[in-house]
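Structure record follows, encoded as structure tokens.
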Amino acid sequence: MTYLIVHLIHIFSVFIYGGFLFTDNLFLNKMKKDLSEAEHSKVREYFMKYVRQVVPKSLIIAVLSGIYLISVNFGEISENGLSNFQIVLSIKAFLGLWLGLRGVLQVFFGIQPLVFKSHKFPFILVVVIIFLSQLMFSV
Ligand code: HEM
């Protein structure tokens, strides 16, 4: 039961974090074409005001719930080494932790670990992570 609840928390927090990145990259960025620079930065600032209240926390919850899930899910390492599932899961977890660390450093400590001004890089990482999350069960 605990696993099920944490799994659901993971999915919903990932939904909120990933949903923001999808919205920002696929829709909000496009408004640049229709608005002046001043208008666009104003609209974006209003949007980000509410994003900042929720999205960074969702990312932290995604990472914490992910750590719990992997602690249950990873399993024993056999004599033959890591299974394909364990390899893909490790890559996915590494990328998720990187994203989490990057987000926390940026939002809570104002540190830009890598100079990425737009949200394109986290967006691409989230797409890759979601892909790996599904792939790992069938390799
Ligand atoms: C923002 C980063 C993350 C994203 C976007 C993400 C996304 C996902 C998605 C979409 C699933 C599949 C859920 C399903 O099909 O039921 C999943 C499952 C999983 N995630 Fe994450 N995740 C992230 C971070 C992490 C981290 C940091 C870890 C571990 C340290 C982790 C560990 C896991 C595990 C073990 C599962 C398998 C759960 C299961 O099916 O029982 N995730 N994740």
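The values are calculated or read from the model by the stated rules, or taken from the named source; none is laboratory data. Fair warning: this is a prediction, and the values are worked out from it, not measured in the lab. Methodologically, a virtual Cβ is constructed for each residue, glycine included, from the backbone with ideal geometry; neighbour enumeration extends over all protein chains shown. Ligands, DNA and RNA are excluded from the accessible area calculation, which covers all protein heavy atoms including side chains. Shrake-Rupley method; radii C 1.70, N 1.55, O 1.52, S 1.80 Å.
If the reach is capped at under 17 angstrom between alpha carbons, list the lysines near LYS120, excluding any in the same chain fewer than eight residues apart.
Output for LYS120: LYS30, LYS32.
Once you charge only the Cβ atoms, +1 for Lys and Arg and -1 for Asp and Glu, what is the size of the charge dipole of the chain about its Cα centre, to the nearest 20 debye?
Working: 12 positive and 7 negative charges, 105 e Å.
Dipole about the Cα centre, nearest 20: 500 debye.
Tell me the carbon and sulfur percent of the accessible area for the chain, rounded to whole percent, probe radius 1.4 Å. The partial results should precede the final answer.
Values: 6560 of 9260 Å².
The C+S portion of the solvent-accessible surface of the chain is 71 percent.
Working from the alpha-carbon coordinates of the chain, get Rg over Rh, Rh being the Kirkwood radius.
Details: Rg = 17.2 Å, Rh = 16.5 Å.
Rg/Rh for the chain comes to 1.04.
Roll a 1.4 Å probe over the protein chains and send me the accessible area per residue for the chain in Å². Please report the intermediate quantities before stating the final value.
On the way: 9260 Å² over 139 residues.
Accessible surface, normalised per residue, equals 67 Å².
Given labels modelled 7 Å from the Cα in the Cβ direction, how far is it in nm from GLU37 to LEU64?
Those two pseudo-labels are separated by 4.1 nm.
Between VAL127 and THR23, what is 0.36 nm times their sequence separation minus the Cα-Cα distance? Round to one decimal in nm. List each step's numbers first, then the result.
Working: separation 104, 0.36 × 104 = 37.44 nm, distance 1.31 nm.
Between VAL127 and THR23, full extension yields 36.1 nm more.
Starting from the range 65-139, pick out the trypsin sites (Lys or Arg not before Pro) whose DSSP state is loop and whose Cβ has at most 13 other Cβ atoms within 10 Å. Spell out each step's value before the answer.
Values: sites: LYS92, ARG102, LYS117, LYS120; in loops: LYS117.
Those that pass, being in a loop and sparsely packed, are LYS117.
Which is the longest part of the chain that has none of the chymotrypsin sites (Phe, Trp or Tyr not before Pro) sitting in a DSSP loop with at most 14 other Cβ atoms within 10 Å? Please list the in-between numbers first.
Details: sites that count: PHE27, PHE116.
It runs 28-115.
Quick one, can you get me the convex hull of the C-alpha atoms of the range 67-139 expressed as volume per residue in Å³? Let's see the in-between values first.
On the way: hull volume 7.2 nm³, N = 73.
It comes to 98 Å³ per residue, whole-number rounded.
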